[in-house]
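Scroll down for the structure; my scribbles are underneath it.
Values in this text are rule-based calculations from the coordinates and carry no lab data. These figures come from a predicted structure and were not determined experimentally. Note that we place each Cβ from the backbone using ideal geometry, even for glycine, and neighbour counts take in every protein chain shown.
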Amino acid sequence: MNNIPKQTPEIFAILSRGNFISSNGSKGKLFDVIGYEGNYELLKQFFSHTGYTLESGHNYYYFSQQEEANLVIEKKLEQFAYYIDVMDFFSSMDLKPTVGTRYRITQIAEECFSNERLKQKIYALSRKEKMVDKVAEIANDLAQAGFFEQEDEDTYKVMDAIHYLEQVISLITIEEDGEQQNP
């Protein structure tokens with residue numbers, strides 16, 4: 001274990017908070033460190049002693065945990081229900097949330113003003129008064145989770161980690177009687 005990368009504490013600090021390290025974000029160098037010549041397997045083994053499992057997705061890394069308290073699982077499910085609604089909101093926009101897409105808060109707010117369906121969706125997602133504040137709150141939530149990255153005061157970029165949301169959402173199936181099931 002002497003050959004672990006010197007960036008291991010920084011990697012752990014990011015991933016242990018439930019965030020992602022994406023190849024196209026400002027932490028792209030850490031993504032490269034993890035993927036460099038056997039580091040992934042080395043770090044996966046190293047982190048396994050901390051109760052976390054290093055996982056890789058499509059151009060992103062994250063931690064998973066085998067055993068979590070029911071309360072933690074319930075909180076994560078509630079958070080994910082929110083993300084499903086947020087993804088539904090962004091998927092209803094003219095500019096879809098694909099990796100590398102840049103959104104301006106003011107641009108999204110303008111689109112919400114002109115699209116009644118989007119306006120209804122964003123009112124359901126945020127209790128802020130001003131439309132710009134509603135959009136900023138949602139974008140900040142996604143940035144804190146690692147799905148977006150803030151580039152400047154008004155602009156956010158979609159990270160590779162968005163694939164994680166898409167992948168999990170695609171696993172959800174709804175039966176004819178309205179009950180949700182996982183395949």
Give the aspartates and glutamates reachable from Lys96 as a straight Cα distance under 15 Å; neighbours fewer than 8 places away on the same chain don't count. Asp85, Asp88, Glu111, Asp160, Glu166
Geometric extent, Cα atoms of segment 8-64 - Rg, Dmax (angstrom): 10.0, 29
In this model, which of Lys27/Lys130; Lys76/Lys130; Lys76/Lys119; Lys75/Lys128; Lys27/Lys121; Lys6/Lys76 are farther than 24 Å apart at the alpha-carbon? Lys27/Lys130; Lys76/Lys130; Lys76/Lys119; Lys27/Lys121; Lys6/Lys76
Which value, in debye to the nearest 20, gives the size of the charge dipole of segment 8-64 about its Cα centre, when Lys and Arg are +1 and Asp and Glu are -1 at the Cβ? 180
Would you compute, for the Cα atoms of the chain, the largest minus smallest coordinate along each principal axis and list the three values in descending order, in whole Å? 58, 44, 24
The computed P(r) of segment 70-174 puts the percent of Cα pairs beyond 19 Å at 41
Just how large is the dipole of the chain about the Cα centre, in debye to the nearest 20, putting +1 at every Lys and Arg Cβ and -1 at every Asp and Glu Cβ? 520
For segment 31-116, what does the alpha-carbon gyration tensor say about shape, rounded, prolate or oblate, given a ≥ b ≥ c as the root eigenvalues, a/c under 1.5 as rounded, and a/b over b/c as prolate? oblate
What residue among Phe47, Ile73, Pro97 has its Cα farthest toward the positive end of the dipole of segment 41-142, where the charges are +1 on Lys, Arg and -1 on Asp, Glu, each on the Cβ? Pro97
Mean separation of Cα contacts under 8 Å (6+ apart) over length of segment 8-64, as relative contact order %: 35
Quick one, could you list the DSSP H helices from the chain stretching 27 Å or more along their long axis (Cα atoms) with average Kyte-Doolittle hydropathy of -1.0 or above? 70-91
If each DSSP helix of 4+ residues adds -39,500 (n - 2.57) and the sum is divided by the residues in the chain, what number results at 222 nm, nearest 500 deg cm²/dmol? -15500 deg cm²/dmol
